[in-house]
Amino acid sequence: PHPTPLPPEGHGEVRFEAVHFAYGNGPPVLNGLDLVIPSGQAVAIVGATASGKTTVARLLPRFYDVTAGRVLLDGVDIRALRLRELRRAIGIVFEDTFLFTDTVAENIAFADPDASMDTVRHAARLAGADEFVERLPEGYDTLIGEHGYSLSGGQRQRIAIARAVLADPRVLILDDATSSVDPTKEHEIRAALAEVMRDRTTVIIAHRPATIALADRVVLLDHGRVVAEGTHNDLIAHSAPYRDVLAQTGAMITPVAGGSD
């Protein structure tokens, strides 16, 4: 009833302080999670099934509330924020992108229907979507069918990334954003993500090492707590639990060229 506004000078610092969470009457998923993501940093959250990584991504926009502890955005408990303001500060690119039966431009401008075409095109260029959109029959005025199935998976994801860019969120969540993309096209999506993530607080939920390596820091969760952290290549070299998690996903357990060191 009396919300606290986000500080205008904030740049997306995220804190999980002693966070506990369970779905309904189910077993605990997070058990006293402590995690700090400085503003502008990209963090990949990795873990086995039921380790709590996806839950972290769901708590930040308040799809659920913590059972105990608190989540802060730029120093403010997210439960004290007006929900609309919180969710305008967070952009999410899901594994399965939902596109509406509307034009490409309107789909990109979902967060701001009054955005100018220059703004829409700028977002598309950053997301690596401008080139293929211009080749569509009506360009940005091309009508996309329901769910966007007239486009390839990679094209749908680039429009989803452009949508997130246009919203200009303080925090970007990439929830398995490359897992449904053809591996032969994944490098194009990663290049777009790297551009969008620059100087933006980003939470990456991923299984593919090349996507994980986009992060400045990797956090390994087990039973709802952080058990290891470092760069992807550092953890490959020094963390057996991290190698085990990647092996369970069928990923190649090798250092990634160009990854953060």
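The values are calculated or read from the model by the stated rules, or taken from the named source; none is laboratory data. Being a predicted model, the structure only gives us computed values, none of them experimental. Counting neighbours? That spans all protein chains shown, and the Cβs are built from the backbone with ideal geometry, glycine included. For accessibility, only protein heavy atoms count, side chains too; no ligands or nucleic acids. Shrake-Rupley method; radii C 1.70, N 1.55, O 1.52, S 1.80 Å.
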Residue 29 vs (1) assigned to a strand (DSSP E or B); (2) in contact with a Leu (Cβ under 8 Å, 6 or more places away or on another chain); (3) β-branched (Val, Ile, Thr): all pass except (2)
Counted residues in the range 16-26 being in a strand (DSSP E or B) and closer than 15 Å to residue 51 by Cα come to 4
All-but-one check, residue 229 against (1) under 27 Å from residue 20 (Cβ atoms); (2) touching a strand residue (DSSP E or B) at 6+ places or on another chain (Cβ under 7 Å); (3) not in a strand (DSSP E or B), failing number (3)
Filtering the range 1-18 for residues that are of a type in the set (D, E, K, R) and exposed (fewer than 15 other Cβ atoms within 10 Å of the Cβ) leaves a count of 1
Of those in the range 214-261 that are among the β-branched types (Val, Ile, Thr), touching a Lys or Arg at 6+ places or on another chain (Cβ under 9 Å) and buried (at least 17 other Cβ atoms within 10 Å of the Cβ), the residue modelled with the highest pLDDT is 219
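Among the listed residues 2, 11, 20, identify the single one that is free of Cβ contacts under 8 Å to residues at least 24 places away in the same chain and of a type outside the set (D, E, K, R). Break it down stepwise before answering.
Numbers: 11 fails: free of Cβ contacts under 8 Å to residues at least 24 places away in the same chain; 20 fails: free of Cβ contacts under 8 Å to residues at least 24 places away in the same chain.
Checking each option against the conditions leaves just 2.
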Those residues of the range 19-51 that are buried (at least 16 other Cβ atoms within 10 Å of the Cβ), touching a Phe, Trp or Tyr at 6+ places or on another chain (Cβ under 8 Å) and not hydrophobic (A, V, I, L, M, F, W, C) come to a total of 0
Filtering the range 76-100 down to residues that are charged (D, E, K, R), open to solvent by 90 Å² or more (accessible area, probe 1.4 Å) and closer than 29 Å to residue 149 by Cβ yields 87, 88, 96
For helices (runs of 4 or more DSSP H) lying entirely in the range 101-213, having 2 or more residues that are modelled with pLDDT of 90 or more and open to solvent by 40 Å² or more (accessible area, probe 1.4 Å) picks out 117-126, 130-135
Going by the structure shown, is residue 18 more than 16 Å from residue 175 (Cβ to Cβ), touching a strand residue (DSSP E or B) at 6+ places or on another chain (Cβ under 9 Å) and modelled with pLDDT under 95?
-> no
A careful count of residues in the range 32-68 that are of a type outside the set (A, V, I, L, M), in a loop (DSSP other than H, G, I, E, B), in contact (Cβ under 8 Å) with a residue 60 or more places away in the chain and touching a helix residue (DSSP H, G or I) at 6+ places or on another chain (Cβ under 6 Å) gives 1
Per the filter on the range 54-96, residues on the phi > 0 side of the Ramachandran plot and under 15 Å from the mean Cα position of the chain (by Cα) are 62
Every listed condition ((1) in contact (Cβ under 8 Å) with a residue 24 or more places away in the chain; (2) assigned to a loop (DSSP other than H, G, I, E, B)) holds for residue 71 save (2)
Scanning the range 48-79 for residues that are under 30 Å from residue 240 (Cα atoms) and of a type in the set (Ser, Thr, Tyr), the one modelled with the highest pLDDT turns out to be 55
